[in-house]
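The values are calculated or read from the model by the stated rules, or taken from the named source; none is laboratory data. Here the structure is a predicted model, which is why all the values come from computation and not from measurement. All Cβ positions, even for glycine, are placed from backbone atoms using ideal geometry, and neighbour counts span all protein chains on display. The area values use the complete protein model at the heavy-atom level, side chains included, leaving out ligands, DNA and RNA. Shrake-Rupley method; radii C 1.70, N 1.55, O 1.52, S 1.80 Å.
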Amino acid sequence: MIVAPSPAAADPAARFGPAPPLPERIGGQLTPRRRTWSIESGVDAGRRVHFIDEGEARARPLLMLHGNPTWSFLWRKIIARLPEFRCVAPDLLGFGLSDTLPSIRDHTPQRHADAIAGLVEALDLRGIVLVGQDWGGPILMSVAARLPARIAAVLLANTAVLTPSRGLRSRFHRFARTPVVSSLAFRGLGFPQNALHRVQGDRRSIAGDVAAAYRWPLRGWKRRVAPLALARMVPDGPGHPSVAELERGEAWLRAFDGPLTLVWGMRDPILGRALARHERELPRARVVRTDAGHFLQEEVPEVIAEEIRGLIGGVSV
């Protein structure tokens, strides 16, 4: 059985449309308030971005962006706890129910940021609280660099928005650059979305229908290009093609004088130790440590929701 989303108000000028249906075991876990937006210009014109759009249109907007290899499903527990906000949670191109980018080289920070910035402008979001995790953090910083007047506050969770001078060379990212074997593992075997529980503080937090929901959008060789592409999009040195755009977003964040909070899962084997540098180089940020893992939205959604509410206290009306 398929669960279809409730109809959204059509806006032909902005090229909005209905969201694709989901299997009942997945759709039953999500808000039905989903739709798509067709990119209006640039190299990705015509590609559709799927997004959750929950809450009153005039409420304070939260722009919530996932990373690799998840999708807007990641934010469902937090959205449910914040009914007073307008929660907009897009799927990056190639992930979730957004359209696919055909090749690894199509995935760049610039293209992903351009798509999300276009959605922000199409929805005319203002006074935005940015909420990003994993690749969602640096991509949102690039969006903010494009649209600085629209940003009010920032919450970052287990992400890396400070570009490492020597690149990030974890075992995971080194493996992603191994010829042939990495393609077989990522595109053939569905790595890493089949093993998300392994980076959690509580491995039971991603199991059963939840684990199935993360695997479902990335079915088959074609769709599975995205997790491999984003793993390779992480710089491995100063000459990596992602560096310039990441430095643009980092520069915006360093200059940003609005409310900033870091919520971290310290049991994250990928980015848990990255908090130390972020805390040192962003000294005015409020820092909240938890016992969660990489996808802390599954383990401590109540902490993130309360910290978002706290951020608003520091935002000028």
Against the conditions (1) open to solvent by less than 10 Å² (accessible area, probe 1.4 Å); (2) out of contact with any helix residue (DSSP H, G or I) (no Cβ under 7 Å at 6 or more places or on another chain); (3) of a type in the set (D, E, K, R), where does residue 91 fall short? Just the number, please.
(2)
Return the pairs, sorted by first residue and then second, in which the second residue is among the charged types (D, E, K, R), the first residue lies in the stretch 293-317 and is at pLDDT below 95, the beta carbons are less than 7 Å apart, and the residues are 6+ apart or on different chains.
312/60
Determine if the stretch 280-302 includes at least one residue that is among the aromatic types (Phe, Trp, Tyr), open to solvent by 10 Å² or more (accessible area, probe 1.4 Å), out of contact with any strand residue (DSSP E or B) (no Cβ under 7 Å at 6 or more places or on another chain) and closer than 22 Å to residue 92 by Cα.
no
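Have a look at 60, 25 and point out the one that is over 18 Å from the mean Cα position of the chain (by Cα), at pLDDT below 95 and basic (Lys, Arg). Give the derivation first.
On the way: 60 fails: at pLDDT below 95.
It is 25.
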In the stretch 192-224, residues that are free of Cβ contacts under 8 Å to residues at least 24 places away in the same chain and of a type in the set (Gly, Ala, Ser) total 5
Is it the case that some residue within the stretch 251-267 is farther than 17 Å from residue 135 by Cβ, open to solvent by 40 Å² or more (accessible area, probe 1.4 Å), in contact with a helix residue (DSSP H, G or I) (Cβ under 6 Å, 6 or more places away or on another chain) and outside any helix (DSSP H, G or I)?
yes
If I filter the stretch 207-218 for residues that are under 21 Å from residue 105 (Cβ atoms) and in a loop (DSSP other than H, G, I, E, B), do I get at least one hit?
yes
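One residue is enough: does the stretch 209-228 have a residue meeting the conditions within 21 Å of the chain's Cα centre (by Cα), under 19 Å from residue 269 (Cβ atoms), open to solvent by 30 Å² or more (accessible area, probe 1.4 Å) and not aromatic (Phe, Trp, Tyr)? I'd like the intermediate steps shown before the answer.
Initial filter on the stretch 209-228 (within 21 Å of the chain's Cα centre (by Cα)): 209-219, 222-228.
Then keep just the ones that are under 19 Å from residue 269 (Cβ atoms); that gives 211, 214, 227.
Those still in the list that are open to solvent by 30 Å² or more (accessible area, probe 1.4 Å) too: none.
Looking through the stretch 209-228, none of the residues is within 21 Å of the chain's Cα centre (by Cα), under 19 Å from residue 269 (Cβ atoms), open to solvent by 30 Å² or more (accessible area, probe 1.4 Å) and not aromatic (Phe, Trp, Tyr).
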Report every pair of residues separated by at least 6 positions or lying on different chains whose Cβ atoms are under 6 Å apart, first residue within the stretch 41-63 and farther than 14 Å from residue 121 by Cα and in contact (Cβ under 8 Å) with a residue 60 or more places away in the chain, second basic (Lys, Arg) and assigned to a loop (DSSP other than H, G, I, E, B).
53/33
Regarding residue 184, is this residue open to solvent by less than 10 Å² (accessible area, probe 1.4 Å) and among the aliphatic types (A, V, I, L, M)?
no
